[in-house]
Amino acid sequence: MNTSMQKGLLKSWNKDKAFGFIKPENGTYDIFIHISALKNMNRSPVVGDTIYYEVQSDNKGRKRAVNARIEGVQSVKPKVSPKTAKKTTKNNGVVKLIFIVIIISIGLVFYKVMVEENNSSNSTNPTYLTPTEKIYQQNYSCDGREHCSQMTSCDEAKYFLRNCPNTKMDGNNDGIPCENQWCN
């Protein structure tokens, strides 16, 4: 496929079928040209126009002009109908709205994760446990006990307070369970 720009004269043009043939300046075979190769030209071509074009072969090996322009004729921007322009503007607004909703959703999920991590680090993060508490934590499990009278040590009471729901072992809410029986 040769894609260098070439020059030739429009030898024939069929208005009804919107195609014609270019006589190349170098005198080789005539080149087929379709109106679609002359995108955005200000006017249709007429016999005798100088055409600048690139040559491409189709799947059957036939050569045709592509990316063509008429010498001395200005290109025009494709016209956008008011209906299309309005639809594009409307679609841009919808896209922006969807983008904003996605960003807010991601922010809310991130915030929720951060709050949950913060809450869990305040109550169950093993890095805040003493070495003895870490050993005992491996041996304890939430089994429904809620009161100090059901505990056998301060470490066990601390484990239940930090990890188990509905415990009733910290009456003054200072984070130290069973102060009268085990953790005094």
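The values are calculated or read from the model by the stated rules, or taken from the named source; none is laboratory data. From a predicted model like this one, the values you see are computed outputs, not experimental measurements. Quick reminder, even Gly has a Cβ in these numbers, built from the backbone with ideal geometry, and neighbours come from all protein chains shown.
Here are some notes:
- Within the range 1-17, considering residues that are surrounded by fewer than 17 Cβ atoms within 10 Å (Cβ to Cβ) and among the small types (Gly, Ala, Ser), the one farthest from LYS77 (Cα to Cα): SER12
- Selection status of GLY20, out of contact with any Cys (no Cβ under 6 Å at 6 or more places or on another chain) and modelled with pLDDT of 85 or more: yes
- Of all the residues in the range 26-48, those that are touching a Gly at 6+ places or on another chain (Cβ under 9 Å) and farther than 16 Å from VAL66 by Cα number 2.
- Within the range 18-63, tally of residues that are surrounded by 18 or more Cβ atoms within 10 Å (Cβ to Cβ) and β-branched (Val, Ile, Thr): 5
- Residue match in the range 36-54 (condition: part of a loop (DSSP other than H, G, I, E, B), in contact with a strand residue (DSSP E or B) (Cβ under 9 Å, 6 or more places away or on another chain) and over 27 Å from LYS77 (Cα atoms)): no
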